[in-house]
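Heads up: the structure comes next, in structure tokens.
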Amino acid sequence: MNPAIGKSLNDFCAWLDQTALSQAIQATNWVVPTVQSIHILAIAMVAASALMIDLRLIGVFGADQPLKTVSSRFLPFVWWPLLILFITGAIMIVGEPPRSLKNPVFQIKMLLLIGALTVTGIFQIMLRTNSSFAGASRSGAGITIAVVSILLWTGIIFAGRWIAYYS
Amino acid sequence: MDIEAALQWLQNTAVGTAIRENEILFPWIESVHVLAIVLVVGTISIVDLRLIGVASLDRAVSRLMRDVLPYTWGAFVVAAISGLLLFTSNAVTYAHNFFFLGKMILLALAGFNMAIFHMTGIRGIEHWGVAQQTPLAAKTAGAVSLLVWVSVIVFGRWIGFTLH
């Protein structure tokens, strides 16, 4: 990591660690486990919903329904729980700044997350603007999106667990 | 039968010892366990929300269950196997952990709720069509299932924070 970025990150973590909110979270023993549990429940909704759409793209799930139908059913359960993930994630970062921000595993998880959100966005745009993509029961592009999506979300979940082991 | 001795024997097996002493084996198996649980709870909540009547109303219950449940079962098998492997690595400690024992009881409750639903609550499912609400027994089964599985995740997370 670039030394200048490393120093600012160190300084930011040190500052965050000393804030009243961070100290308050650190002083309890129940906030982090509780927030983690909510985080995991939200991931369950996101991962299962993304999986159903991905399986439809591959053509093995709900193939009797148009892609748009399956997508409308599950996409809200991808985006809304993501809001909960960001909020609970933010609380965990504030509560333990170095454990997260300075941890390479956490950083990898964030990169993978950006990837997953990008892929989901691309999928939604294609669904709306590309009628042959939306109308096909299965397509090369769709299968590619699905496989990449599954790999990214799996990586995110694994990275999430490994944060604890890399501290 | 001496349960303590059996648990001690279990964690002293080659498998249990290997997982306990290997730095990366436990985290990898645990990650698989987390992924599997996440998919069990996520997919079952799709069915439960339909039973309760708040989501996927444009899909008949029987069809949704037929589509989704195979993945729930597949994920559950992976969760059970990985869970068993994790358990063997520290059987004595886990068996004395309140949240682990609670999680096992909750799993039994989930199974019980499922059995009751499949034996009685599901009667007439062929008539629960699209955009229709389900009978009270089905709504109850869905709500109980959601509550129990949410608790399974919470208890599971607390095991890690309460190991002595």
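Remarks
- Considering the range A:140-163, and only residues there that are free of Cβ contacts under 8 Å to residues at least 40 places away in the same chain and over 26 Å from B:TRP28 (Cα atoms), the residue that is surrounded by the fewest Cβ atoms within 10 Å (Cβ to Cβ) turns out to be A:GLY140.
- Within the range A:116-130, the set of residues being among the hydroxyl-bearing types (Ser, Thr, Tyr) and farther than 12 Å from A:LEU57 by Cβ comprises A:THR118, A:THR129.
- Filtering the range A:1-47 to residues that are surrounded by 11 or more Cβ atoms within 10 Å (Cβ to Cβ) and either outside any helix (DSSP H, G or I) or charged (D, E, K, R) (or both) leaves A:LYS7, A:ASP17, A:THR19, A:THR28.
- Tally, over the range A:65-79, of residues that are of a type outside the set (Gly, Ala, Ser), more than 9 Å from chain B (Cβ to nearest Cβ) and under 23 Å from the mean Cα position of the chain (by Cα): 6
- Looking across the range B:2-54, the residues that are among the hydroxyl-bearing types (Ser, Thr, Tyr) and within 14 Å of chain A (Cβ to nearest Cβ) come down to B:SER31, B:THR43, B:SER45.
- Conditions (1) at pLDDT 95 or above; (2) farther than 16 Å from A:VAL32 by Cα; number of the one not met by A:PHE86: (2)
- Within the range B:93-122, the set of residues being crowded, with 17+ Cβ neighbours inside 10 Å and closer than 21 Å to B:ILE3 by Cβ comprises B:TYR94, B:ALA95, B:ASN97, B:PHE99, B:PHE100, B:GLY102, B:LYS103, B:LEU106, B:LEU107.
Results for (1) modelled with pLDDT of 95 or more; (2) within 14 Å of the chain's Cα centre (by Cα), shown as yes or no for each residue.
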position	(1), (2)
B:GLY53	no, no
B:SER82	yes, yes
B:ASN97	yes, no
B:ILE116	no, no
B:PRO135	no, no
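- When residues of the range B:1-29 are limited to those that are under 14 Å from B:ALA91 (Cβ atoms) and of a type in the set (Asp, Glu), the one modelled with the highest pLDDT: B:GLU4
- Single match in B:ALA115, B:ALA108, B:ALA80, B:ALA137 (criterion: touching a Gly at 6+ places or on another chain (Cβ under 7 Å), without any contact (Cβ under 8 Å) to a residue 40 or more places away in the chain, on the phi < 0 side of the Ramachandran plot and more than 14 Å from chain A (Cβ to nearest Cβ)): B:ALA137
- Any chance A:LYS102 is closer than 25 Å to B:PRO27 by Cβ and touching a Cys at 6+ places or on another chain (Cβ under 7 Å): yes
- Residue that is farthest from the other protein chains (Cβ to nearest Cβ) [pool: residues in the range B:55-77 that are polar (S, T, N, Q) and free of Cβ contacts under 8 Å to residues at least 40 places away in the same chain]: B:THR72
- Pick from the range A:36-64, criterion farther than 21 Å from B:VAL32 by Cβ and within 8 Å of chain B (Cβ to nearest Cβ), ranking: modelled with the highest pLDDT: A:PHE61
- Being within 8 Å of chain B (Cβ to nearest Cβ) and in contact with a Lys or Arg (Cβ under 8 Å, 6 or more places away or on another chain) is a condition met by at least one residue of the range A:13-35.
The values are calculated or read from the model by the stated rules, or taken from the named source; none is laboratory data. Because the structure is predicted, anything quoted here is derived from the model rather than measured. Note that we place each Cβ from the backbone using ideal geometry, even for glycine, and neighbour counts take in every protein chain shown.
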